[in-house]
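Okay, structure first, notes after.
The values are calculated or read from the model by the stated rules, or taken from the named source; none is laboratory data. Note that the structure is predicted; figures quoted are calculated from it, not measured. No Cβ is skipped: glycine too gets one built from the backbone with ideal geometry, and neighbour counts run over all protein chains shown. The accessibility values were calculated without ligands, DNA or RNA, using every heavy atom of the protein model including side chains. Shrake-Rupley method; radii C 1.70, N 1.55, O 1.52, S 1.80 Å.
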Amino acid sequence: MEIALVGIGKIAQDQHVPAIGASPDWTLAATVSRHGQVEGVEAFTDFDTMLAARPDVRVVSLCLPPVPRFAYAASAIRTGRHVMLEKPPGATLAECHALEQLARVHRVSLFATWHSREADSVAAAKAWLADKTLRRLAVNWKEDVRRWHPGQEWIWEPGGLGVFDPGINALSIVTEILPGPIHLSSAELAYPENRQTPIAATLDFFHPQGATVTAEFDWRQEGDQIWTIEAATDEGTLRIVDGGARIEIEGEPRKIAPDLPLSGEYPRLYAKMARLISEGKIDMDLAPLRHVADAFMLGRRRRVAPFHFRGKQEVKP
Ligand code: NAP
């Protein structure tokens, strides 16, 4: 299938272009971006122009930041295109619901992707937890925003999610591996004085069987970067480390199936998109975004030192 990639920024270049290139299902037929291009691929700077000029392109993959994404997705769906959405699938829950409704009306596939769910160890972690009784689950997602989002201003603007931009990846794993639903019971969000989105957050969740479920997100982490989820159960402790790349059970690394062709997060997402289209389905699981929306609704706000990308202006709180 011919596919167009929209928003040629960091994630499009790092992951989408190689995943499409390696897949037997897809041909990258066009890009839409005001500044970015992919060598050898027809490049447009305007989305509607591409939609009109390339009726052969039946699928679009949107790698834009969340705020502009709804308008692009809605135009694509209205012209009968199947749509793949980078995470988070939108800037609000309501616009995601509206897109799903629109996709049903136009009978196209719509896929809210959660790339971290496709990490190598997530399926194994889910299977291991399925028959255990959870006592405690703790997420620690602490990274250096300057290292992973150099100069990206949109993450600090309303709708940019701040530290929930990576934090939602952890929540996508938690909502995938836990057998039942949880919901937020309290949160504290730390906002730099000069920014519109939080730089750190702590979350507490209600668990139906009484387990303690917490998450700590922090973008001020220097040195070692931490992306772990620890789940203590009646039959031992599972640790998901490196964002889902590995798991340890009772401190012992658990061997996961060796890399297969098309393994890795983004190749799996594109394989899934191909399946959704062939089966005429929509996959719009909004559970991770719901928890983030609840944190913004329920969270206690704390002001912390201003954040600047460069220089020594930043003072640690
Ligand atoms: P990015 O590097 O800033 O790239 C996004 C691209 O979208 C920009 O290069 C820009 O391309 C276009 N764009 C930005 N603002 C726009 C606007 N208002 N209207 C139209 N186009 C706009 O961001 P990114 O890191 O690739 O992230 C994009 C999405 O992928 C986010 O939702 C993010 O959460 C997700 N994601 C990122 C990562 C990561 O490691 N960076 C990992 C997984 C998922 P032009 O200026 O050329 O139009």
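A few notes on this one:
- Matching entry among 214, 197 (being away from the ligand (no atom under 16 Å from the Cβ) and among the hydroxyl-bearing types (Ser, Thr, Tyr)): 214
- Here 92, 113 are screened, and the one residue that is within 11 Å of the ligand (Cβ to nearest atom), in contact (Cβ under 8 Å) with a residue 24 or more places away in the chain and among the hydroxyl-bearing types (Ser, Thr, Tyr) is 113.
- For the range 110-168, a residue qualifies if it is part of a helix (DSSP H, G or I) and among the small types (Gly, Ala, Ser), and the qualifying residues are 116, 123, 124, 125, 127, 167.
Conditions tested, residue by residue: (1) of a type in the set (Ser, Thr, Tyr); (2) open to solvent by 10 Å² or more (accessible area, probe 1.4 Å); (3) not in a helix (DSSP H, G or I).
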site	(1), (2), (3)
13	no, yes, no
31	yes, no, yes
52	no, yes, no
55	no, yes, yes
68	no, yes, no
76	no, no, no
98	no, yes, no
105	no, yes, no
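- Within the range 6-53, restricting attention to residues that are farther than 17 Å from residue 64 by Cβ and within 23 Å of the chain's Cα centre (by Cα), the residue that is farthest from the ligand (Cβ to nearest atom) is 25.
- Filtering 215, 170 for residues that are within 19 Å of residue 241 (Cα to Cα), out of contact with any Leu (no Cβ under 9 Å at 6 or more places or on another chain) and surrounded by 15 or more Cβ atoms within 10 Å (Cβ to Cβ) leaves a single hit, 170.
- The set of residues from the range 140-156 being surrounded by fewer than 19 Cβ atoms within 10 Å (Cβ to Cβ) and within 12 Å of the ligand (Cβ to nearest atom) comprises 147, 148, 150, 151, 152, 153, 154.
- Hey, residue 137 at negative phi, open to solvent by less than 10 Å² (accessible area, probe 1.4 Å) and more than 13 Å from the ligand (Cβ to nearest atom) or not: yes
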